[in-house]
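First up is the structure itself, then whatever we jot down about it.
The values are calculated or read from the model by the stated rules, or taken from the named source; none is laboratory data. In this text, all values refer to a predicted model and were calculated from it rather than measured experimentally. Cβ placement follows ideal geometry from the backbone for every residue including glycine, while neighbour counts extend to all protein chains displayed. Side chains are part of the model used for accessible areas, which takes the heavy atoms of the whole protein and leaves out ligands, DNA and RNA. Shrake-Rupley method; radii C 1.70, N 1.55, O 1.52, S 1.80 Å.
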Amino acid sequence: MAKIIRSLRAKKPSVPSAPKKPAKKAAKALPKPAKKSTRPKSPKPKPLNPKPWTPAEVHEVFSRFRKANPEPKGELEHLNPYTLLVAVVLSAQATDAGVNKATRALFAVADTPERMLELGEEKVREYIKTIGLYRNKARNVIALSEKLIAEFGGEVPRTRAEIETLPGAGRKTANVVLNMAYGEHTMAVDTHVFRVGNRTGLAPGNTPIEVELGLEKVIPPEFMLHAHHWLILHGRYTCLARTPRCEVCLINDLCRWPEKTV
């Protein structure tokens with residue numbers, strides 16, 4: 001009898017246990033809102049609004065420049081209006097010294113549009129390969145030479161609008177050529193002139209054209225032929241970008257820059 005009971009117990013199906021419920025995930029703690037700073041906000045710096053220069057002050061500045069350097073010269077070496085045009089086109093994003101080093105040999109063999117075309121783009125590249133962007137610049141030199149021959153009889157035109165149609169030539173290039181080659185009273189604004197115009201307060205502007213027009217408005221006609229050279233040289237050797245040499249500046253007593261060192 002005991003054997004039968006044990007047998008029945010062995011055959012009795014086991015009741016499956018209830019599945020365990022998965023443990024609840026711990027709720028993620030929400031980030032605490034950042035505490036608002038109790039410190040007062042510092043006021044935004046006000047834009048520099050220098051006192052405008054008087055006509056007498058402007059006249060005094062350029063009188064000093066003229067006395068110190070009566071006949072300023074551009075530092076780009078050239079032989080004629082054409083080589084000047086080429087040199088200015090090559091000087092974009094390059095130093096005058098670097099351009100001169102490359103063009104001395106180039107202009108010795110190609111000082112006219114016709115000779116430049118005979119030289120060809122590949123050889124022009126070899127002459128100017130030490131200048132930044134030399135491939136594109138060589139292409140522009142050949143293209144502008146072709147256009148000068150086809151549309152201007154091989155001569156550099158005498159108007160800003162016409163010069164600006166030449167490959168690689170912009171407003172600054174046109175102003176330099178018109179001033180240096182043809183004696184026009186133009187104002188070429190490069191990085192140096194732009195800096196001097198803004199820093200001194202002589203002609204503040206957000207763009208080169210604003211500074212150009214501002215300078216043309218305030219500079220007396222008697223100084224305009226050499227004005228852009230005086231300003232370029234002043235920015236290149238005295239009113240430096242990082243550390244202006246205020247201690248040797250000819251116009252430090254008139255300059256409106258609030259951070260002068262003298």
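Return the FRET efficiency for the residue pair residue 146, residue 237: r is the Cβ-Cβ distance, R0 is 35 Å, and the value is rounded to the nearest 0.05.
Numbers: r = 38 Å, r/R0 = 1.08.
The pair residue 146/residue 237 has a calculated efficiency of 0.40.
Report, to the nearest whole %, how much of the accessible area of region 108-148 belongs to carbon and sulfur atoms, 1.4 Å probe, protein only. Please report the intermediate quantities before stating the final value.
Working: 1020 of 2270 Å².
The nonpolar share, carbon plus sulfur, comes to 45 percent.
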Distance in Å, no decimals, from the C-alpha centre of region 63-113 to the one of region 129-198 is 12 Å
Taking a straight Cα-to-Cα line shorter than 19 Å from residue 123, and setting aside same-chain aspartates and glutamates fewer than 8 residues away, one finds 111, 114, 146
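Averaged per residue, what accessible area in Å² does region 140-262 show with a 1.4 Å probe, protein chains only?
46 Å²
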FRET efficiency (residue 95, residue 51; Cβ distance; R0 30 Å; to 0.05) is 0.30
Diffing region 249-262: the Karplus 3J(HN,Hα) column from phi (6.51, -1.76, 1.60, θ = phi - 60°), in whole Hz with x for Gly and Pro, holds 6, 5, 10, 5, 6, 9, 4, 8, 5, x, 9, 4, 8, 10
Sparse-neighbourhood loop hits (trypsin sites (Lys or Arg not before Pro), region 204-248; DSSP loop; Cβ within 10 Å at most 12 others) -> 242
Ordered by number, the trypsin sites (Lys or Arg not before Pro) in region 101-156 that occupy a DSSP loop and have at most 14 other Cβ atoms within 10 Å are 129
Other residues with Cβ under 14 Å from the Cβ of residue 163 give, with Lys and Arg +1 and Asp and Glu -1, a net charge of 0
